[in-house]
Amino acid sequence: MITFLGTGLLGSGFVRSALKRGEKVNTWNRTIDKAAPLGREGATVFPLITDAVKGAVRVHLVLSDDEAVEAVVKEVLPGLAKDAVIIDHTSTSVKGAATRTQNLSALGVIYQHCPVFMSPQNALESSGVMLISGEEVRYTGLRPVLEAMTGKLVYFGEDPGRAAAIK
């Protein structure tokens, strides 16, 4: 099971695409009315963020900025499964992506920044471009699930802030 936190236009497209692939999807949004239509399409909508991440193997963030990512990550940490991976599609700062990677790693949490060049339609159709940088072994492990979400996945090397810099 996977979770999407942030179900605006892009996040909703990702959720619908995952449902089409047959994935079990939990969702949460600060404004639950934005997530409600996804419940009618097969996603499980949670009013509490901690409930939405329980048992998820991947937690995808599709938020507005560094501040929103920091707030959401802080909220989900207590409910995050031990081996869960946080995959952040938010357009954030280089410093934010690199610092989060380092700080969460120190806590034993895997955080992977993967910003995108996509419209909501691209997210729905699994097309567009997704960027990734950081540990090569993590990239290799995540590659199959990320490639299913995009038309093109581009790896920019070991520097965890590089994908954010390109975006």
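Every read-out reported here was derived from the displayed coordinates using simple, explicitly stated rules and does not represent laboratory data. Predicted model only: the values in this text are computed from it and were never measured.
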Which value does Rg/Rh take for the range 54-120 over its C-alpha atoms, Rh per Kirkwood?
-> 0.94
Show the residues, 5+ positions off or on another chain, whose built amide H is closer than 5 Å to the amide H of T44.
-> V25, N26, T27
Please work out the C-alpha center-to-center distance from the range 91-140 to the range 18-80 and express it in whole Å.
-> 16
Highest GNM mean-square fluctuation, the chain, Cα pairs closer than 10 Å: which of A106, A35, A98?
-> A106
Taking only Cα atoms of the range 1-59, the Rg to Rh ratio with Kirkwood Rh works out at 0.90
Per the rule of 0.36 nm per residue minus the C-alpha distance, extending A106 to E23 adds in nm 26.9 nm
Semi-axes of the equivalent ellipsoid for the range 90-167, Cα gyration tensor, largest first, Å | 21, 13, 11
Within the chain, how many Lys pairs sit with Cα atoms under 27 Å apart, leaving out pairs fewer than 8 places apart on the same chain?
-> 20
Relative pair counts by distance (%), Cα atoms of the range 1-109, 5 Å bins = 2, 13, 25, 25, 19, 11, 4, 1
How are the C-alpha pair distances of the range 28-167 spread across 5 Å bins, as whole percents from the shortest bin up?
-> 2, 10, 19, 23, 23, 16, 6, 1, 0
Once phi for every residue in the range 99-107 is put through the Karplus expression 6.51 cos²θ - 1.76 cosθ + 1.60 (θ = phi - 60°), the whole-Hz ³J(HN,Hα) values, with Gly and Pro written as x, are 5, 4, 4, 5, 5, 6, 4, 4, 8
